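Structure first, commentary second.
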Amino acid sequence: MERNAMSQEQTMTLHEKHDAGKKEAFAEQQRIMDKIKTIGFARYAENLPRLAEAFDLKKHQLDDFENCVCCMDERTPYGVHSAGSGILLSEADFATYMKVVQPDAISSHDGCGAGKLYCRAHGLPEENSDQIARDWAEQMAVKFDLPHRHITAEEMGRKFHDARVCYWDATGRINNDPDSGLPEGFVISRAYMNKENCLNEVRAALDIIFGDHGFGKEFLTVENPFVIAAVAWDEQQLAEMQQELAELKHSYGDRVSFDAFIPPLTE
Ligand SMILES: [Zn+2]
């Protein structure tokens with residue numbers, strides 16, 4: 001009896017700690033998000049002296065790999081991105097992705113939300129999703145004759161997602177990079193995947209961020225929406241990206257907002 005009471009207390013404490021962690025993580029980026037809301041992403045990005053670092057693949061190497069396939073997860077900023085390293089793509093689309101990207105490695109990571117979605121879609125046990133996603137990446141590494149690297153929870157830091165943004169990236173170079181001054185974000189590589197697959201990935205990102213492992217509706221409100229930001233090299237490409245994003249259907253209403261910017265960098 002006493003032991004039960006004890007463990008209940010401990011569980012509550014852990015739960016409270018988790019919520020406090022989210023609260024703190026949300027507050028950490030509030031100043032940035034307020035600024036973006038006030039002046040817009042374009043003007044905000046224009047004034048970041050270290051913005052280039054988010055687009056520098058050399059800074060975002062995983063071991064010695066400069067072009068590693070990573071998850072869209074903001075906690076895996078190590079190269080080029082696709083949800084679960086491509087686990088949600090069809091076999092043919094994944095082969096196309098690999099051909100376009102020409103990566104030098106493929107990664108998997110602990111606590112992959114895309115891995116969970118993959119298990120759900122294929123009737124596999126969700127509690128084993130980490131191992132299943134890891135096995136899948138290993139198999140793909142063998143198939144495409146590349147090294148495989150697993151990213152551990154320790155390397156990733158936070159146990160939950162603190163992304164406030166999802167980057168719809170036509171440059172194929174952006175990585176989550178707090179030093180750059182950009183808010184933490186998922187990365188959807190529109191540079192390397194077709195529109196439909198990218199729209200699917202945005203929906204997956206929204207389900208993750210609005211679920212238990214993200215900030216959820218408690219934090220992401222009409223006042224403080226989750227932002228989907230198109231990123232492109234020039235005005236024309238940016239307009240195309242924004243047009244594509246206008247097709248996104250989701251169920252989070254005005255808790256999701258849209259913005260866009262061009263990095264003032266050379267391609
Ligand atoms: Zn993942």
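Computed quantities for the displayed model
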| item | result |
| --- | --- |
| Single residue of segment 137-166 satisfying the filter (within 19 Å of the chain's Cα centre (by Cα) and assigned to a helix (DSSP H, G or I)) that is surrounded by the most Cβ atoms within 10 Å (Cβ to Cβ) | Ala137 |
| Tabulated pairs, segment 101-114, first touching a residue at least 12 places away in the same chain (Cβ under 8 Å), second in a helix (DSSP H, G or I) and of a type in the set (Ser, Thr, Tyr), C-beta under 7 angstrom, 6+ apart or interchain | Ile106/Ser85; Ser107/Ser85; Ser108/Ser85; Cys112/Ser129 |
| Qualifying positions in segment 61-89 - among the hydrophobic types (A, V, I, L, M, F, W, C) and either more than 14 Å from the chain's Cα centre (by Cα) or within 13 Å of the ligand (Cβ to nearest atom) (or both) | Leu62, Phe65, Cys68, Val69, Cys70, Cys71, Met72, Ala83, Ile87, Leu88, Leu89 |
| Qualifying positions in segment 34-83 - in a helix (DSSP H, G or I), touching a residue at least 60 places away in the same chain (Cβ under 8 Å) and among the aliphatic types (A, V, I, L, M) | Ile36, Ala42, Ala45, Leu51, Ala52, Ala54, Ala83 |
| Counted residues, segment 195-207 - those being out of contact with any helix residue (DSSP H, G or I) (no Cβ under 7 Å at 6 or more places or on another chain), farther than 17 Å from Cys112 by Cβ and of a type outside the set (A, V, I, L, M, F, W, C) | 1 |
| In segment 40-59, the residues that are in contact with a strand residue (DSSP E or B) (Cβ under 9 Å, 6 or more places away or on another chain), over 18 Å from Ala170 (Cβ atoms) and surrounded by 15 or more Cβ atoms within 10 Å (Cβ to Cβ) | Tyr44 |
| Segment 93-117: number of residues that are in contact with a Ser or Thr (Cβ under 7 Å, 6 or more places away or on another chain), in a helix (DSSP H, G or I) and small (Gly, Ala, Ser) | 1 |
| In segment 90-110, residue nearest to the ligand (Cβ to nearest atom) [restricted to those that are of a type in the set (Asp, Glu) and closer than 20 Å to Pro77 by Cα] | Asp110 |
| Residues (over 21 Å from Val100 (Cα atoms) and assigned to a helix (DSSP H, G or I)) located in segment 167-201 | Pro178, Asp179, Ser180 |
| Test: residue in segment 15-35 that is over 17 Å from Glu184 (Cβ atoms) and in contact with a Lys or Arg (Cβ under 8 Å, 6 or more places away or on another chain) | yes |
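No lab work stands behind these numbers, since they all come straight from the coordinates. Note that the structure is predicted; figures quoted are calculated from it, not measured. Don't worry about glycine lacking a Cβ; one is built from the backbone with ideal geometry, like all the others, and counts go over all protein chains shown.
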